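Here the structure comes first, spelled out in structure tokens, and everything after it is commentary.
The values are calculated or read from the model by the stated rules, or taken from the named source; none is laboratory data. This structure is a prediction, so every number in the text was calculated from the model and none was measured. Here the Cβ positions follow ideal geometry from the backbone for every residue, glycine too, while neighbour counts run over all protein chains shown.
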């Protein structure tokens, strides 16, 4: 811990005291935590971003959408609107946030909405769309006004919560001991080579927190998708130089994946949920043209692509191949069946 973080320790203690008192009010019933007649699954984390919540929400949608009418409800982080907004064909990241927009564009037949107050959002969804029979809350572990039937907690392999500290010293939104509220914990973004030794290390650390079920998941990268009119549908052979444009919290696993598939990786990294500007894209374009590689391309994530307005892309990347790299979640060590069974057992209670 550096000296600057040490100076922030008193503020972290005050923050932790405030969060402890708030949790105490919910634990004792002085603040109400409401359950709903339809099943509610919460996907969240203890840290401020970077655990891969959205890909796991998408996993649940794929798993359950054939049997349930699903609504995904999120806060819509960094959107420019207020209160309740239901995603529609004309929605943008400014309207509903990048992650809800990503989910809306990928899945048909589900509802995607945002509301900073999840309980109010659920009430509106159920009133306006009575066919909904399953709600998935994205990033709601700390939103205790709703009591989910299944509380899933995520932590990243590269930045596990047990190595972190409370804000503002670290990135934890609440104390590590609060992990025990979860019905299951998923260690996300585990590397492709995940050794039994690695697994035992995580289990030893996590079992201290009285966790009921522990799973390990990784990311599987899908074929790249072109984002501009000048981009071929499939990359022309192996790309030697990749310019990665990203504004996500933790890009280690993505960079690791790309380094294995190119000779040179040049990263243009911005803060999480960064709204890309013409200046950002001009800087990348100039860097691209100065590079002497004969086989090069710009790559970004699905989440970042939601914030790259089409007009900006076409204007600044004319003649430059720009790809989006989709991801899906895969469970390690044949744990998929075990995880799926846990989810279905929970849902059976509502039949």
Residue satisfying all of: in region 40-55; part of a loop (DSSP other than H, G, I, E, B) and either buried (at least 22 other Cβ atoms within 10 Å of the Cβ) or outside the structural domain of residue 150 (by TED's automatic domain parsing) (or both); modelled with the highest pLDDT among these:
46
Quick one: residue 187 ticks every box in (1) in contact with a strand residue (DSSP E or B) (Cβ under 6 Å, 6 or more places away or on another chain); (2) under 23 Å from residue 33 (Cβ atoms) except a single one, so which number is it?
(2)
Check whether at least one residue in region 106-116 is modelled with pLDDT of 95 or more, surrounded by 19 or more Cβ atoms within 10 Å (Cβ to Cβ), under 18 Å from the mean Cα position of the chain (by Cα) and in a loop (DSSP other than H, G, I, E, B), and report yes or no.
yes
Quick check, is residue 270 closer than 30 Å to residue 136 by Cβ and at pLDDT 90 or above?
yes
Filtering region 156-194 down to residues that are farther than 25 Å from residue 254 by Cα, surrounded by 19 or more Cβ atoms within 10 Å (Cβ to Cβ) and touching a helix residue (DSSP H, G or I) at 6+ places or on another chain (Cβ under 6 Å) yields 166, 169, 174, 179
Tell me yes or no: at least one residue of region 27-34 is in contact with a strand residue (DSSP E or B) (Cβ under 8 Å, 6 or more places away or on another chain), farther than 21 Å from residue 190 by Cα and assigned to a strand (DSSP E or B).
yes
Hey, can you tell me all the residues within region 125-143 that are within 22 Å of residue 183 (Cβ to Cβ) and in contact with a strand residue (DSSP E or B) (Cβ under 6 Å, 6 or more places away or on another chain)?
132, 134, 135, 136, 137, 138, 139, 140, 141
Quick one: would you say residue 88 is out of contact with any strand residue (DSSP E or B) (no Cβ under 8 Å at 6 or more places or on another chain) and either at pLDDT 95 or above or surrounded by 14 or more Cβ atoms within 10 Å (Cβ to Cβ) (or both)?
yes
More than 22 Å from residue 41 (Cα to Cα), in contact with a strand residue (DSSP E or B) (Cβ under 7 Å, 6 or more places away or on another chain) and free of Cβ contacts under 8 Å to residues at least 24 places away in the same chain, is that true of residue 207?
no
Might you check whether a residue that is farther than 28 Å from residue 160 by Cβ and in contact with a strand residue (DSSP E or B) (Cβ under 8 Å, 6 or more places away or on another chain) occurs anywhere in region 254-262?
yes
For residue 80: the one exception among (1) over 13 Å from the mean Cα position of the chain (by Cα); (2) modelled with pLDDT of 95 or more
(2)
If we keep only residues of region 176-224 that are in a loop (DSSP other than H, G, I, E, B) and under 18 Å from the mean Cα position of the chain (by Cα), then the residue nearest to residue 12 (Cα to Cα) is 182
For region 117-152, give me the residue count where each residue is part of a helix (DSSP H, G or I) and surrounded by fewer than 20 Cβ atoms within 10 Å (Cβ to Cβ).
7
